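What follows is one structure encoded as C-alpha cells, with my remarks underneath.
Computed from the coordinates by the stated procedures, all read-outs in this text should not be read as laboratory data. Bear in mind that the values here come from a model prediction, so they are computed numbers and not experimental data. We place every Cβ from the backbone using ideal geometry, glycine too, and count neighbours over all the protein chains shown.
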Number of protein chains: 2
Amino acid sequence: MKLIKLAAIAACVLSASVFANDPIIPVSPETKATTTTLRDKAINDNSAYQILKSLTTEVGARHPGTPGEKAGIEWGIKKLKALGFDKVYTEDVKMNGWVREVEKAEILVPSYQKMVITALGRSKSTPKGGLEADIVHFKNYAALEKAADNSLKGKIAFISNRMERLKNGGGYGPANIARSKGHELAAQKGAEALLIRSIGTDDHRNPHTGATNVAMGYTAVPAVALSNPDADQLVRLMEFGHTPKIRLNIQTKDLGPIVTKNVIGEITGRELPNEVVVIGGHLDSWDLGTGAVDDGAGVAIAMATGAFIKNNVTVNPRRTIRVILWGAEELGLIGARAYAKARQADGTIANHVIGSESDFGAGPVYGLQSSKNVSVNALHVVDTMAAIMGNLGVSRRGGDTSGGPDMIPLAALGVPALNLMQDGTDYFDLHHTPDDTFDKVNPEHMRQNLAVWTVFTYIAAEWPGSFK
Amino acid sequence: MKLIKLAAIAACVLSASVFANDPIIPVSPETKATTTTLRDKAINDNSAYQILKSLTTEVGARHPGTPGEKAGIEWGIKKLKALGFDKVYTEDVKMNGWVREVEKAEILVPSYQKMVITALGRSKSTPKGGLEADIVHFKNYAALEKAADNSLKGKIAFISNRMERLKNGGGYGPANIARSKGHELAAQKGAEALLIRSIGTDDHRNPHTGATNVAMGYTAVPAVALSNPDADQLVRLMEFGHTPKIRLNIQTKDLGPIVTKNVIGEITGRELPNEVVVIGGHLDSWDLGTGAVDDGAGVAIAMATGAFIKNNVTVNPRRTIRVILWGAEELGLIGARAYAKARQADGTIANHVIGSESDFGAGPVYGLQSSKNVSVNALHVVDTMAAIMGNLGVSRRGGDTSGGPDMIPLAALGVPALNLMQDGTDYFDLHHTPDDTFDKVNPEHMRQNLAVWTVFTYIAAEWPGSFK
C-alpha cells in the first residue's frame with residue numbers, strides 16, 4: 001500500500017486524477033471549535049509535567065531486566081487507571097537482557113588519571129581485572145576503516161568524532177556509526193577494545209551510553225564511551241606527543257531471555273472503537289539517568305493527552321485513542337516490533353488510522369510533519385491541525401517521517417504518521433547520560449507539548465475521514 | 001602592625017595628620033609606560049592558557065598524598081625552570097593525608113535507584129559493606145541545630161540547602177557550614193551519617209567534594225555530598241510522601257603523615273632582591289576533576305605572569321617576584337600556613353611587600369581591591385594599577401581583602417594584599433567536581449588575566465615606595 005501511494009505521488013498528474021475522485025471530508029466547525037477550546041485549556045495544564053515528576057522520582061531508571069523496569073511497568077498500569085483510561089492492559093514481549101556491572105578506566109601513561117566512561121549496550125566484558133593497552137586514535141569511523149586489517153593487535157581503537165548540535169538532532173545519525181558499528185570494525189582491525197567519544201553535545205563528565213547493532217549476545221570487542229572531557233583529554237595528551245596507555249575493566253552480563261511489556265491505555269471510541277489513533281512514548285530508559293527527557297517526557301505527554309481529552313469532552317471522541325508505553329525501545333524498538341508483527345498477524349493493522357510517538361525530549365514542538373503514508377486527501381486535516389497549533393509556535397513542515405522510533409515498524413506496514421517536531425537543540429546534552437533527570441525539564445514546555453498533542457490527537461480521533 | 005594601622009584609619013583626622021608627614025612616592029612615567037606596553041602585549045599572549053593545558057592534561061588531578069600530586073610538583077619545578085625563572089626551589093610541608101576508596105549510595109525504598117555522591121574531605125568510613133537507614137530531611141544547618149540531641153539514632157541526616165549563584169561567590173560562605181560542620185552537628189543529634197546537597201550552583205550529576213573542619217583523623221560521622229539532581233530527587237520523594245531508605249557505603253583511608261611542597265620560582269629583583277612581591281595559585285587540587293579552574297588557572301596565571309615580565313623587560317624589576325605554587329590549600333591552607341610561620345620565625349616576613357593569589361577560577365578580572373594592610377600613602381599606586389587595567393574591564397573597588405585563601409596567613413601577619421576580583425558567576429558549577437576540566441576554560445579570559453596580573457605585578461615590583 002505504501003509503495004502504490006508513493007508511486008502515485010511521484011507521478012503527480014496521474015495521482016491528482018486518481019485522488020480527485022475520492023471525497024474530501026472537511027474538519028467540521030464543531031471539531032475545530034472543540035479543539036481550540038481544548039488547546040486553550042491544555043496550555044495551562046500541568047498534568048504532563050506532574051506525571052513525568054512521578055515517573056522519574058518514584059520509579060527512576062527503567063532498563064529492561066532490572067527492578068526499575070518492573071516498577072515502571074507497575075507504575076504505568078496504575079497511573080493509566082488513575083487517570084481514567086477506559087481500558088488498561090499489557091502485552092508481553094520476549095527479549096534478551098543485558099546489564100553493566102563494572103566500568104572502570106584509568107590512564108596509566110603518561111600519568112595516572114581516572115576516566116569517566118560507560119559501556120555501550122551489549123558490550124562484551126574485558127578479562128576480569130581489565131586489560132592494559134596503548135591507544136590508537138582515529139578521528140572518525142571512516143579513518144578506522146582505512147586501517148589495515150589486524151593492524152591493531154594489542155591496541156585499543158579510539159574514535160574521537162564530535163556530534164554537531166542541531167535543532168532537529170541531525171548531527172546524531174552521522175556521528176552514531178562509531179557507536180553502533182565501531183566494535184565490529186575495531187575487531188576486524190585486530191583491536192582489543194573500542195573507545196569512542198560520547199555521541200552527545202555536552203562537555204560534562206557524564207558519558208553517553210546507547211545501543212550497538214547487537215541484539216543478542218555481546219559486541220565483538222568491549223565497547224565503551226568516554227565522557228566528552230575525557231575523550232578530549234586523550235586527544236590533547238596525543239597532541240602533547242604522548243601515547244596514552246590505559247587500563248580498561250568492563251564487566252557486563254547477558255541476562256538471557258527476559259520478558260518486557262508494552263503498557264497500553266485506551267480511551268474507547270464512541271462510534272468507531274476498533275479504529276485506533278496511536279500515541280505514546282517509550283517506558284524503558286537507559287540505566288544511567290532517570291529517563292526524564294528520554295523518554296519519560298514522551299510517556300507523560302502521551303498519557304496526559306489521552307487523559308486530558310477524556311476528562312475535558314462530554315463524550316469520547318469518535319475513534320479509540322490508544323496510548324502505548326512502548327517497552328525496550330532503547331535496545332532496538334523491541335516492544336514496537338513485536339506490536340506491529342502481532343497486528344500484522346491478526347489483521348488489525350488496518351485499524352491503525354494514524355499514529356505518532358513523542359521521543360525527542362521535553363523541548364517545545366515547533367513543526368508538524370506528515371508521512372508519505374498520509375493520503376493527499378487527508379493533508380488538509382494536517383494543515384488544519386497545524387493552523388490550530390499556530391499560536392503555540394508550530395508550523396507545517398515538509399519532508400517524510402516515521403512518526404518517531406517506535407512508529408517505524410507500523411509505518412513500514414503503511415500506517416500513516418505525523419511527526420510533532422520538538423526543538424532538540426539541547427537534547428543530546430542529556431541523552432543516555434546520568435544527567436537525564438527531571439530537574440532539566442521546563443514545565444512550560446511540557447504544557448506546550450500537551451496542548452499540541454491534544455490538537456493532533458483530538459482531531460485525528462474525531463475527524464471521520466481516512467488518513468490513508 | 002595591622003591593628004595600629006586599622007586604628008589609624010578609623011580615626012581619620014588623626015591618621016591624615018600622621019600620614020601627611022610621610023613622603024608620597026609617585027609611580028614614575030617610565031614605569032607607567034612600560035606597564036602599558038606589557039599590558040598590550042600580554043592581552044595577546046596565550047602562555048597562561050598553554051601552561052594550564054599542560055598541567056591539566058599531562059598531570060591531571062593533584063590531591064595530596066597521591067601520585068598526581070607528586071607529578072604536579074615535578075611538573076611545577078620543570079616548568080618554572082623552562083619558563084626562565086632565575087631561581088626555582090621547593091619547601092617541604094608536613095601534613096596528614098586522606099583518600100577516598102569506595103563511594104556508593106543507593107535508594108532502597110520506595111524504589112531502587114543509584115545515587116551519585118562523593119565523600120567530603122576526611123570523611124569517616126561507614127561499616128564495611130555500608131549502612132542502611134532512613135533519611136531525615138533538614139532544609140539547612142540551622143534546622144538541624146533545632147533537632148533534639150540524640151533524636152536521630154538509626155537515621156541519616158540530610159541537609160538540602162541551596163547555594164546562591166552570585167558574581168562574587170558570596171553564596172558560598174552561607175551554604176558551606178553544612179559541609180564544614182554538618183558532620184559534628186549530625187553526630188550530636190545521634191545520626192549515623194550526614195548527607196548534604198552539594199555546595200554548588202549546577203544541576204549536573206557531578207557531586208562537589210570539599211574540606212570539612214577536620215584537619216587530622218576523620219569526621220564525626222561519614223559525611224557525603226550528593227549531586228544536586230540526586231539531592232533534589234530525595235526532596236521530591238519526600239514531597240510525594242515517601243521516607244527514602246538508603247544504603248551508603250563510604251570507605252576512606254587516613255594516609256598518616258605525608259609531605260607536600262610549596263613550589264617556588266623567583267625573578268630576582270635587580271635592586272632590592274630581598275624584597276618580594278608574592279603571587280601564586282595552589283598546585284594541589286581535589287581528586288575528582290583535573291583541577292582546571294581550581295586552581296590550575298591560578299597556578300598558570302601566576303607562572304605566566306612572572307615569566308612574561310622576565311621575558312619582556314630588558315632588566316629585571318627592582319624587587320623579586322616570588323611565584324608560589326602553594327601546597328595542600330584544599331585541606332586547610334596547609335602549605336600557606338607553614339610558609340607564613342617559617343617567615344615569621346626567620347624574620348623575613350617583613351620583606352613581603354605585597355601579595356595576591358589567583359584562586360577563583362578562570363573568569364575575567366573585573367575589580368581591584370586592596371587590603372587594609374595597604375598604607376593610605378600607597379593607595380594611589382593601587383589606583384594607578386586600576387587605571388592601567390581599565391581598558392581590560394577592571395575597576396577599583398572598596399572593601400577589605402586577604403588577597404586570596406593562601407594569602408590569609410600572610411595577611412594576618414600584616415602583609416599588604418590586593419584582590420584581583422574574578423567573575424565567579426559560573427565558578428561554583430565546577431568547583432570541586434569531576435567536571436573541573438580544561439575544556440571549561442576560555443582562552444580569552446586567560447589572556448585577560450595574564451594582562452591584569454602583569455600590570456599589578458610589574459608595578460608592585462618596580463615602584464620604589466612601601467605598601468605598608
When the Kirkwood hydrodynamic radius is evaluated over all pairs of different C-alpha atoms of the stretch A:98-254, what value in angstrom, to one decimal, is obtained? 15.2 Å
Can you pull a Stokes-Einstein diffusion coefficient for the protein assembly as shown at 10 °C (1.306 mPa s), Rh from Kirkwood over Cα pairs, as a whole number of µm²/s? 52 µm²/s
Given a cut-off of under 8 Å on Cα pairs at least six residues apart, what relative contact order in percent is computed for the stretch A:285-336? 29 percent
Which residues in the stretch B:252-280 place their backbone N less than 20 Å from a point set 7 Å from the Cα of B:Asp346 along the Cα-to-Cβ direction? B:259-280
Label distances, nm, B:Thr90 versus same residue in remaining copies, Cβ-directed 7 Å point: 6.1
So how far, in whole Å, is the C-alpha centre of the stretch A:77-132 from the one of the stretch B:59-114? 31 Å
Suppose R0 equals 30 Å. What FRET efficiency, 1/(1 + (r/R0)^6) with r the Cβ-Cβ distance, do A:Lys245 and A:Ile408 give to the nearest 0.05? 0.10
The stretch B:98-255: antiparallel DSSP beta bridges as a percent of all, rounded to 5: 60 percent
In the neighbourhood of A:Ala386 defined by beta carbon distances under 12 Å, the net charge of the other residues (Lys, Arg +1; Asp, Glu -1) is +1
Suppose a student asked you for the relative contact order of the stretch B:57-213, using Cα pairs under 8 Å spaced at least 6 residues apart; what percent would you report? 20 percent
Would you please put B:108-120, A:336-348, A:221-233 in order of how densely packed they are, using the mean number of other Cβ atoms within 10 angstrom per residue and starting with the highest? A:221-233, B:108-120, A:336-348
Averaging over all projection directions, find the projected area of the Cα convex hull of the stretch A:144-186 and quote it in nm² with one decimal place. 3.3 nm²
Excluding A:Ile107 itself, calculate the net charge of residues whose Cβ lies under 10 Å from the Cβ of A:Ile107, where each Lys or Arg counts +1 and each Asp or Glu counts -1. +1
homo-copy label distances at A:Asn311 (7 angstrom along Cα-Cβ), nm, one dp, ascending, are 6.8
Between the stretch B:382-449 and the stretch A:338-394, how far is it from one alpha carbon centroid to the other, in angstrom? 55 Å
Over chain B, what is the relative contact order in whole percent, taking alpha-carbon pairs under 8 Å and six or more residues apart? 23 percent
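Can you pull the semi-axes for chain A, root of five times each eigenvalue of the Cα gyration tensor, sorted largest first, whole Å?
Its equivalent ellipsoid spans semi-axes of 43, 23, 20 Å.
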If you find the alpha carbon centre of the stretch B:185-229 and of the stretch A:179-227, how far apart are they in angstrom? 35 Å
Quick one: label points 7 angstrom along Cα→Cβ at B:Ala33, distances to the other copies in nm, smallest first? 8.7
Taking only the alpha carbons of the stretch B:269-414, the radius of gyration and the largest Cα-Cα distance, Dmax, both in angstrom, are 15.3, 45
Compactness relative to 2.2 N^0.38 Å, alpha carbon Rg of the stretch A:211-332: 1.62
Multiply the residue separation of A:Gln188 and A:Thr314 by 0.36 nm, subtract the distance between their alpha-carbon atoms, and state the gained length in nm to one decimal. 39.1 nm
Explain nothing, just the number: dipole magnitude of the stretch A:98-254 about its Cα centre with +1 on each Lys and Arg Cβ and -1 on each Asp and Glu Cβ, in debye rounded to the nearest 20. 100 debye
Could you identify the residue of B sitting closest to the B-A rotation axis by Cβ and state that distance rounded to whole angstrom? B:His204, 3
If each of A:Lys104 and B:Lys104 carries a label point 7 Å out from its Cα toward its Cβ, how far apart are those two points in nm? 1.1 nm
What share of the DSSP beta bridges in chain A is antiparallel, in percent to the nearest 5? 60 percent
Taking GluC sites (Glu not before Pro) as exposed when DSSP calls them loop (any state but H, G, I, E, B) and at most 15 other Cβ atoms lie within 10 Å, what is the longest stretch of chain B free of them, the sites themselves excluded? B:272-468
